[in-house]
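A.B. asks: The structure under discussion is supplied below as structure tokens; questions concerning it will follow.
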Amino acid sequence: MQQFLNFINGEFVATGKTFENRAPVDNRVLGLVHEAGQREVDAAVAAARAALKGPWGRMSVVKRVELLHAVADEINRRFDDFLAAEIADTGKPLSLASHIDIPRGAANFKVFADIVKNVPTESFEMTTPDGGTAVSYGLRTPVGVVAVVCPWNLPLLLMTWKVGPALACGNTVIVKPSEETPATATLLGEVMKAVGVPDGVYNVVHGFGPGSAGEFLTKHPGVNAITFTGETRTGEAIMAAAAKGVRPVSFELGGKNAGIVFADADFDKAVAGITRSAFENCGQVCLGTERVYVQRPIFDRFVAALKDKAEALQIGPSEQPGVGLGPLISAEHKQKVLGYYAKAKAEGATIVTGGGAPQMPGALAEGHWVQPTIWTGLPESASVIREEIFGPCCHIAPFDTEDEAIALANATDYGLATTVWTQNLGTAHRMASAIEVGLCWINSWFLRDLRTAFGGAKASGIGREGGVHSLEFYTELRNVMIKL
Ligand SMILES: NC(=O)c1ccc[n+]([C@@H]2O[C@H](COP(=O)([O-])OP(=O)(O)OC[C@H]3O[C@@H](n4cnc5c(N)ncnc54)[C@H](O)[C@@H]3O)[C@@H](O)[C@H]2O)c1
Ligand SMILES: O=C/C=C/C=C(\O)C(=O)O
């Protein structure tokens, strides 16, 4: 039976307390995860602190950058191991994990290694009151020990999106992967050891949230900053923990994103784009579209086209050629999504396609499969339009004017992302400036330049990461003033 161990101070650590890691495709037990308790979290924080004061803290930026490039190269060398681990944990299609999840695992180290090597800090010269001169310069130093609390939907991508910049800026990290997906964070410990990252720089503690490793870590007084990706309500709990000791937080939270399609859009590209944004990763992408608004002249045609795309998606395990839709992450999440499918039906939705769970053959029948689902005909007050479902489903409603589309898109407490499809430049820029989100894609979706600001507005997050923006969270910026 595979064991998913904690990784503390360069060693893999078992505990007496384990829980099962199950495969979403058939619910089989993949292995046992060793839950970290207060003792293991204390040890991880102590190891991270010691590394800061030891070889890692004394290391030159050049050497640190070389090591991070070596981490990326080792991830790529062990590409197939990471691919197998991620797919086992999540059930996601091979095409998705091999083109997005694992490549980004390496890229997230390379891009920030290069940023810290090349991005300058500020410097000024001033005339002093006594007629002399003074020169000042900015000095970036690590914030210290950073807690990285991760979700289960893009485990390696989202964990390294935080660990990459944190380490590049000279910090040390303690990662708490989701209890649903322990594998790739654990595997990264092998990579860190293999390339010679000093012990204590990268640590992994497994477990849950409240009363477990997540809570022990975010409440630990030895943690200097917390970066979290997950549900908004979890963010509220972590923010409360961070308040004691006034620790900074960087939050990537939930969303209820709108996809807006104008009648002048390139129709086929818009259909393809909304199909991806609604159903990719079985709808388990925070940036995904669960609310679609289509300008009235093309509404019926668009609904029919999206129905065809949804029904053409092949549902199955990753190794099945042409699979486009895997399972949801867990039985619990499947029940949550099917609960929303039932609510939509009860609230009078027109079920354009889907609305239930597919019959799967053999052992797959034990997996957490649901049908890709499209609704129309609900009022904007309906729960499937108000609440984040995080499944392969969306509601489509018509609109007439730009102002109406903007009002519909903004009528949510969330503010993460939007995708707008139009060939009118004026419409595109007016929508981009009016929709209250952190991320606006025009005629595209989930197109990522890692140098750009990434994050959510309103209840979708705090702060921006990406490019130089990550330096603001993962460093302290000191001003040094020298009287000449
Ligand atoms: N904005 C983004 O970039 C982004 C990206 C991915 C996922 N998400 C969001 O994440 C959610 C899905 O992921 P999830 O179900 O893993 O989220 P979740 O909030 O349930 O759990 C996320 C992590 O937090 C831990 N946790 C839970 N309660 C905690 C507590 N009280 N203290 C410390 N740690 C705690 C969990 O163990 C897990 O590791 C969705 O809402 C999705 O929108 C957002
Ligand atoms: O499910 C949410 C996806 C988030 C993606 C990123 O944070 C990224 O692409 O860096």
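A.B. asks: Can you classify the stretch 376-484 as rounded, prolate or oblate using the Cα gyration tensor, where a ≥ b ≥ c are the square roots of its eigenvalues, rounded means a/c under 1.5, and otherwise it's prolate if a/b beats b/c and oblate if not? Kindly include the intermediate steps, with their values, before the conclusion.
C.D. replies: Details: a/c = 2.70, a/b = 2.01, b/c = 1.34.
Prolate shape, in that a/c is at least 1.5 and a/b is the bigger ratio.
A.B. asks: Taking the Cα centre of the chain as origin, sum charge times position over the Cβ atoms of Lys and Arg (+1) and Asp and Glu (-1), and report the length of that vector in debye to the nearest 20.
C.D. replies: For this selection, approximately 880 debye.
A.B. asks: Out of all DSSP beta bridges in the stretch 258-442, what portion is antiparallel? Express it as a percent rounded to 5.
C.D. replies: On the way: 3 of 26 bridges.
Taking every DSSP beta bridge within the stretch 258-442, about 10 percent pair in antiparallel fashion.
A.B. asks: Continuing with this model, one more query. Is the chain best put as rounded, prolate or oblate by its Cα gyration tensor, with a ≥ b ≥ c the root eigenvalues, rounded for a/c under 1.5, and otherwise prolate when a/b is larger than b/c, oblate when not? Mind showing how you got there, number by number?
C.D. replies: Working: a/c = 2.06, a/b = 1.31, b/c = 1.57.
Verdict is oblate for the chain.
A.B. asks: Note the angle between two axes, namely the Cα long axis of helix 299-312 and the longest principal axis of the Cα atoms of the chain, as a number of degrees from 0 to 90, rounded to the nearest 10.
C.D. replies: So the inclination is approximately 70 degrees.
A.B. asks: A further question follows. Hey, if you put +1 on the Cβ of every Lys and Arg and -1 on every Asp and Glu Cβ in the chain, which of Ala265, Cys286, Val135 ends up farthest toward the positive end of that dipole?
C.D. replies: Val135
A.B. asks: Per residue of the chain, what 222 nm ellipticity follows from adding -39500 (n - 2.57) for every DSSP H run with n ≥ 4, rounded to the nearest 500?
C.D. replies: Working: 16 runs with 183 residues, N = 484.
So the helix-based figure for the chain works out to -11500 deg cm²/dmol.
A.B. asks: Now for a different question. At a probe size of 1.4 Å, how large is the accessible area of Glu125, to the nearest 10 Å²?
C.D. replies: Only protein atoms counted, so the area is about 150 Å².
A.B. asks: When the Cα centres of the stretch 148-227 and the stretch 322-343 are compared, how far apart do they sit, in Å?
C.D. replies: The distance from the Cα centre of the stretch 148-227 to that of the stretch 322-343 comes to 27 Å.
A.B. asks: Determine Rg/Rh for the stretch 158-216; Rg is computed over alpha-carbon atoms and Rh is the Kirkwood hydrodynamic estimate from the same atoms. Intermediate values should be presented prior to the final figure.
C.D. replies: Working: Rg = 11.6 Å, Rh = 12.0 Å.
Expressed as Rg/Rh, it is 0.97.
A.B. asks: Where a ≥ b ≥ c are the square roots of the eigenvalues of the C-alpha gyration tensor, would you call the stretch 1-114 rounded, which needs a/c under 1.5, or, failing that, prolate if a/b is larger than b/c, or oblate? It would help to have the intermediate numbers written out before the result.
C.D. replies: Values: a/c = 3.15, a/b = 1.17, b/c = 2.70.
Here the stretch 1-114 falls in the oblate category.
A.B. asks: By a straight-distance test (C-alpha under 24 Å), which lysines pair with Lys117 as possible cross-link partners, with residues fewer than eight away in the same chain excluded?
C.D. replies: Lys53, Lys63, Lys162, Lys193
A.B. asks: Can you list the residues, at least 5 places off or on another chain, whose amide H is less than 5 Å from the amide H of Val175, using H built in the peptide plane?
C.D. replies: The list, which skips near neighbours in sequence, is Val148, Asn203, Val204, Val205.
A.B. asks: Sequence gap at least 6, Cα distance under 8 Å: using those rules, report the relative contact order of the chain to the nearest whole percent.
C.D. replies: It comes to 19 percent, rounded to a whole number.
A.B. asks: To continue, here is another question. Please list Leu306, Leu158 in order of solvent-accessible area, largest first, computed with a 1.4 Å probe with all protein chains present.
C.D. replies: Numbers: Leu306 0, Leu158 25 Å².
Solvent-accessible surface, decreasing: Leu158, Leu306.
A.B. asks: Give me the base-10 log of I(q)/I(0) for the stretch 197-263 at each q in 0.12, 0.19 Å⁻¹, Debye formula, one uniform scatterer per Cα, rounded to two decimals.
C.D. replies: The Cα Debye sum returns log10 ratios of -0.40, -0.79.
A.B. asks: Then there is this: Largest first and in whole Å, give the semi-axes of the stretch 258-442's equivalent ellipsoid, each being the square root of 5 times a Cα gyration tensor eigenvalue.
C.D. replies: Result for the stretch 258-442: semi-axes of 28, 17, 15 Å.
A.B. asks: Note down the nm distance, to one decimal, between modelled labels 7 Å out along Cα→Cβ at Arg296 and at Glu125.
C.D. replies: Result: 6.5 nm between the two label points.
A.B. asks: Next up: Does anything in the stretch 297-320 have its amide N under 15 Å from the 7 Å Cα→Cβ label point of Asp268, and if so which residues?
C.D. replies: 305-306, 309
A.B. asks: Any chance you could run the full-extension gain for Ser136 through Asp403? It's 0.36 nm times the residue separation minus the Cα-Cα distance, nm to one decimal.
C.D. replies: So the chain would gain 91.3 nm between Ser136 and Asp403.
A.B. asks: Counting alpha carbon pairs within less than 8 Å and at least 6 residues apart, what relative contact order, in whole percent, applies to the stretch 258-442?
C.D. replies: 29
A.B. asks: Considering the options Cys440, Tyr340, Val384, tell which one lies farthest towards the positive end of the dipole of the stretch 258-442, charges being +1 on Lys and Arg and -1 on Asp and Glu at the Cβ, about the Cα centre.
C.D. replies: Checked the options; the winner is Tyr340.
A.B. asks: Let me cross-check His368: its accessible surface, 1.4 Å probe, with only protein heavy atoms counted, in Å² to the nearest 10?
C.D. replies: 10
A.B. asks: Quick one: length gained pulling Arg448 to Arg386 fully straight, 0.36 nm per residue minus the C-alpha distance? Kindly include the intermediate steps, with their values, before the conclusion.
C.D. replies: Numbers: separation 62, 0.36 × 62 = 22.32 nm, distance 2.69 nm.
Length gained between Arg448 and Arg386: 19.6 nm.
A.B. asks: Another question about this same structure. Give the long-range amide H neighbours of Gln3: residues separated by 5 or more places, or on another chain, with amide H under 5 Å away, using H modelled in the peptide plane at 1.01 Å from N.
C.D. replies: Hits under the 5 Å cutoff: Leu32.
A.B. asks: Okay, next question. From the Cα trace of the stretch 1-59, what convex hull volume per residue do you get, rounded to a whole Å³?
C.D. replies: Here the figure is 96 Å³ per residue.
A.B. asks: Still on this structure, I have one more. Sequence neighbours fewer than 8 away in the same chain don't count; with that in mind, list the lysines whose C-alpha is under 18 Å from Lys17.
C.D. replies: Cross-link targets: Lys176.
A.B. asks: At a Cα cut-off below 16 Å, give the lysines reachable from Lys458, other chains included and same-chain residues fewer than 8 away excluded.
C.D. replies: Filter leaves Lys256.
A.B. asks: Quick one: how many lysine pairs does the stretch 258-442 have with C-alpha atoms less than 17 Å apart and a gap of 8 or more or different chains? Give me the count, please.
C.D. replies: Summing the qualifying lysine pairs gives 5.
The values are calculated or read from the model by the stated rules, or taken from the named source; none is laboratory data. Here the structure is a predicted model, which is why all the values come from computation and not from measurement. Please note: Cβ atoms are built from the backbone with ideal geometry, for glycine as well, and neighbour counts cover all protein chains shown. Protein only, heavy atoms only, side chains kept; ligands, DNA and RNA dropped before computing areas. Shrake-Rupley method; radii C 1.70, N 1.55, O 1.52, S 1.80 Å.
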